[in-house]
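Report on one structure; see the data block that follows.
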Amino acid sequence: MTLFRVIVVLVGGLALLLLVVILRAETTRLHYSIARCERDADEIRQQVVEAELELARLRNPTRIRQHMEQAVGPSVEEPPPPEAPRRRARH
Amino acid sequence: MRGSGVLFAAVGLLLAGGAGRLAYIEVTKGSELRASAARQHRATRTIAARRGEILDTRGRVLAGTVRHPSVFVDPGLLQDVHFAAYSVAPVLALSAAELEQQLLKSQEESSRFLWVKHRLSPAELDGFQRVVATRRLRAFDMQYEPARVYPQGKVAPHVLGFVGLDRRTPPGDEPPFEDLCGREGVEGAYDDMLAGVPGHRTLTVDVGRRAVRAAADNFRPAVDGATVVLTIDAYIQQVAQKVLGETVKKYGAEWGATVVIDPWSGEVLAMATIPDYDPAEPVPPNFNELNEAEQEAVRGRWRNRAVTDSFEPGSVFKPFVASPALDEGIVRIDEVFAVNGPVHDFGRRTIRDTHPYGSLALHEIVSKSSNIGMGMVGGRCGMERLHRFVRSFGFGDITGVGLPGEHTGMVQDFSRWNPSFSPQSIPIGQEIAITPIQIVAAFSVFCNGGLLLRPRIVRGVIGPDGATLADYSRPIAVRRVLEEATAEMFRQRALVETVTDGTGKSAKLDEYQVFGKTGTAQVARPGGHGYLPGKYVGSFVGGAPSDNPRAVVLVSIYKPSKEGYYGGTVAAPAVKEILAETLAYMQVPPELAAEVNSSRGAPAKRR
């Protein structure tokens, strides 16, 4: 085996090792990204839950009623008083 | 050529040596090192199940769960405590000096975990994540902690109960973990269903114990908790709480309780006790600094007195003796009794009326609440029948409403009844103790054709996938207590008259014909010997409309201390107010408005 061939084999092996390391690092980086995405998704899910509960708070019937009364006032008007009976005119 | 052979041999020898060393380590310490590596690189994390919601009958969320971000630190990973403390403290609105001291103390104690701050605001969370990333503070991390929230505010705290953080042991051999656990009310009674089942997964973690990737082999998703749907209506509940709160305050009472029930289904529409508490903060922050009496007062606020407390009902009890006597033909509704009050001796027992009545028909005895008249009815019934009447209405048994701590009340064993006293005491609501929920459940008999229904507060349970896990929406008849005609006649004659012409006039409504019964009872001494002077329970139980009752309301005011104590004074106006709001909300057509219109020419029609 010539020196050149030995060097080629060693450099080839080194390159192969480097490739494995690079692939490994890239895989790890992607796994980190996936973990971060999962965490983000979890946070967004949590935000949805919080938004749903905020919606529930806004649906409080007493609150809605008070809000409407402030906005438009009592919607049911008092009935007019009954008319006083009129006397029949004498003929 | 020769040189290259030497180089090749040297490299080969080195590689062979390395391989030999590896083989040696594998044989001698392989399993131990693999386990050690697994401990360093792998972590099994519990996936908390989200606690289920509690909804009212219209689907409004009464209790839900959110997760608040909280920051913790592993002091063992900190190299520069001063730098870490002064980096993190400003974004978390903490004192940097105090945090530094805490971190140093934890390091001295070789602690590997320290909470830095609970419940971060969104801005704080943002700032924390930015600082940790830019300054490479790997010792700090964040964890979500569950928290129970009540979007409607202080609605039905005694029904909902509350939760606390506690260690929960999952099924199997998994370690216990911290989770929200129900303490009182529905939260406590349905804790197993609400809690869900936590999951777990194994992760590959880096040196900072941050998740790098999830292992596919050991993953079990969490199953979220089920949703419990109540029969409570948030609006009626809020009205009941507001009216009861004002009443208790106005009359300076020790406590008050109210229950609103649908008499046709047994569904509890509202249940309130005053004083109450905020379910989001059942224990005040300074609880440990309070003295024993103050701590007991805090615990007393947690009691749902509508189901846990019994008291002598007084005259509210009269219909439960008069109506079955009528049903069995022992008395007639128009039968006149020579009351000749205000004092009457029944052997060794002397009974008094508040007014000197001469003679009263049975319906008047009830509507005017004559103790002497009821003593006569009781004497005619005899003890055996009275005992049967009392038990047939469910007194002495829990109603089975589904809330923890329900009391049976107190109906003495028949062998302990005294022939000289009991036939007159029981018909006027003495020698017996009953709970508010028992009163409304029994009173519903007059509204639904004579059936005793089991009151219910949980309508059903829905799984996280939407499947119905339990359906309690059907009425449950316990037994028939009265014939339909008797129940109708008694309601229309005696109970309506109580409001139109008797002791319950202050419950009268313009739109609906209210019916009901007042009660004013003395408070028994602790130990049961005699009564406390000047201490009363004022109650009113009533319903409307009289033709087709849609709601029954009980209000009991315990130990009112000013402006009156009679049930007709302290409780009847509160029932009136709750009924008016409830019936309008339920869109029940006005019963009496047609009569008003008829006087102006519109056709008279009573619904």
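See the values below:
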| quantity | calculated |
| --- | --- |
| Which numbered condition B:Tyr251 misses (of (1) out of contact with any strand residue (DSSP E or B) (no Cβ under 8 Å at 6 or more places or on another chain); (2) away from chain A (no Cβ under 14 Å)) | (1) |
| Residue, surrounded by the fewest Cβ atoms within 10 Å (Cβ to Cβ), within region B:110-150, restricted to residues that are among the small types (Gly, Ala, Ser) and either within 14 Å of chain A (Cβ to nearest Cβ) or touching a residue at least 40 places away in the same chain (Cβ under 8 Å) (or both) | B:Ala133 |
| Out of B:Ser111, B:Ser106, B:Ser70, sole residue that is in the same structural domain as B:Arg167 (by TED's automatic domain parsing), part of a helix (DSSP H, G or I) and small (Gly, Ala, Ser) | B:Ser106 |
| Residues that are surrounded by fewer than 24 Cβ atoms within 10 Å (Cβ to Cβ), in contact with a helix residue (DSSP H, G or I) (Cβ under 6 Å, 6 or more places away or on another chain) and assigned to a loop (DSSP other than H, G, I, E, B), drawn from region B:387-399 | none |
| Qualifying residue in region B:1-9 (condition: small (Gly, Ala, Ser), exposed (fewer than 10 other Cβ atoms within 10 Å of the Cβ) and not assigned by TED's automatic domain parsing to the domain that holds B:Arg168) | yes |
| Region B:335-386, subset touching a His at 6+ places or on another chain (Cβ under 9 Å) and charged (D, E, K, R), residue surrounded by the most Cβ atoms within 10 Å (Cβ to Cβ) | B:Asp353 |
| Those strands (runs of 3 or more DSSP E) lying entirely in region B:176-223 with at least 2 residues surrounded by 15 or more Cβ atoms within 10 Å (Cβ to Cβ) and over 35 Å from the mean Cα position of the chain (by Cα) | B:199-205, B:211-220 |
| Check on B:Leu7, part of a helix (DSSP H, G or I), within 14 Å of chain A (Cβ to nearest Cβ) and modelled with pLDDT under 85 | yes |
| Residue among B:Val523, B:Val440, B:Val481 that is in the same structural domain as B:Thr247 (by TED's automatic domain parsing) and touching a helix residue (DSSP H, G or I) at 6+ places or on another chain (Cβ under 7 Å) | B:Val481 |
| Selection status of B:His344, in a loop (DSSP other than H, G, I, E, B), over 23 Å from B:Glu483 (Cα atoms) and either of a type in the set (Gly, Ala, Ser) or at pLDDT below 95 (or both) | no |
| Tally of residues being surrounded by fewer than 17 Cβ atoms within 10 Å (Cβ to Cβ) and within 30 Å of B:Asn371 (Cα to Cα) across region B:460-487 | 5 |
| Failed item in (1) under 30 Å from A:His31 (Cα atoms); (2) surrounded by fewer than 19 Cβ atoms within 10 Å (Cβ to Cβ); (3) modelled with pLDDT of 85 or more, with B:Lys154 passing the rest | (1) |
| Pairs, first over 14 Å from B:Ser323 (Cβ atoms) and free of Cβ contacts under 8 Å to residues at least 24 places away in the same chain in region B:364-387, second among the polar types (S, T, N, Q) and buried (at least 24 other Cβ atoms within 10 Å of the Cβ), C-beta under 8 Å, six or more apart | none |
| Among the candidates B:Leu509, B:Leu469, B:Leu452, residue that is part of a loop (DSSP other than H, G, I, E, B), farther than 24 Å from B:Gly379 by Cα and among the aliphatic types (A, V, I, L, M) | B:Leu509 |
| Positions within region B:284-327 being free of Cβ contacts under 8 Å to residues at least 40 places away in the same chain and in a loop (DSSP other than H, G, I, E, B), in sequence order | B:Pro284, B:Pro285, B:Asn286, B:Leu290, B:Asn291 |
| Residue match in region B:493-512 (condition: surrounded by 24 or more Cβ atoms within 10 Å (Cβ to Cβ), out of contact with any Leu (no Cβ under 9 Å at 6 or more places or on another chain), closer than 20 Å to B:Glu431 by Cβ and assigned by TED's automatic domain parsing to the domain that holds B:Ser323) | no |
| Selected residue [surrounded by fewer than 14 Cβ atoms within 10 Å (Cβ to Cβ) and either over 28 Å from B:Ile457 (Cα atoms) or more than 29 Å from the chain's Cα centre (by Cα) (or both)] from B:Glu328, B:Glu292, B:Glu281 | B:Glu292 |
| Residue that is surrounded by fewer than 17 Cβ atoms within 10 Å (Cβ to Cβ), among the hydroxyl-bearing types (Ser, Thr, Tyr) and either touching a Pro at 6+ places or on another chain (Cβ under 8 Å) or in contact (Cβ under 8 Å) with a residue 12 or more places away in the chain (or both), where the choices are B:Thr44, B:Thr57 | B:Thr44 |
| Some residue of region B:96-109 being touching an Asp or Glu at 6+ places or on another chain (Cβ under 8 Å), away from chain A (no Cβ under 14 Å) and under 16 Å from B:Asp141 (Cβ atoms) | no |
| Long-range neighbours under 6 Å by Cβ, at least six apart or interchain, first residue closer than 17 Å to B:Leu55 by Cβ within region A:54-65, second among the hydrophobic types (A, V, I, L, M, F, W, C) and modelled with pLDDT of 85 or more | A:Ala56/B:Val61; A:Pro61/B:Ala234 |
| Index of the failed condition, B:Ala257 passing every other in (1) within 14 Å of another protein chain (Cβ to nearest Cβ); (2) part of a strand (DSSP E or B) | (1) |
| Members of region A:38-64 found to be more than 7 Å from chain B (Cβ to nearest Cβ) and either of a type in the set (Gly, Ala, Ser) or more than 30 Å from B:Tyr235 (Cβ to Cβ) (or both), listed by number | A:Glu38, A:Arg39, A:Asp40, A:Ala41, A:Asp42, A:Glu43, A:Ile44, A:Arg45, A:Ala51 |
| Looking only at region A:1-37, and only at residues there that are facing another protein chain (nearest Cβ under 8 Å) and within 38 Å of the chain's Cα centre (by Cα), the one that is surrounded by the most Cβ atoms within 10 Å (Cβ to Cβ) | A:Ala35 |
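Results for (1) of a type in the set (A, V, I, L, M); (2) more than 37 Å from the chain's Cα centre (by Cα); (3) modelled with pLDDT of 90 or more, shown as yes or no for each residue.
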residue	(1), (2), (3)
B:Ala23	yes, yes, yes
B:Arg34	no, yes, no
B:Arg58	no, no, yes
B:Ala63	yes, no, yes
B:Gln79	no, yes, no
B:Ala85	yes, yes, yes
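Conditions (1) within 14 Å of chain A (Cβ to nearest Cβ); (2) of a type in the set (Asp, Glu), marked per residue:
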| residue | (1), (2) |
| --- | --- |
| B:Ala19 | no, no |
| B:Val27 | no, no |
| B:Ala49 | yes, no |
| B:Glu53 | yes, yes |
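The values are calculated or read from the model by the stated rules, or taken from the named source; none is laboratory data. A quick note: this is a predicted structure, and the numbers were derived from the prediction, not measured. Ideal geometry is used to build each Cβ from the backbone, glycine not excepted, and the neighbour counts take in all protein chains shown.
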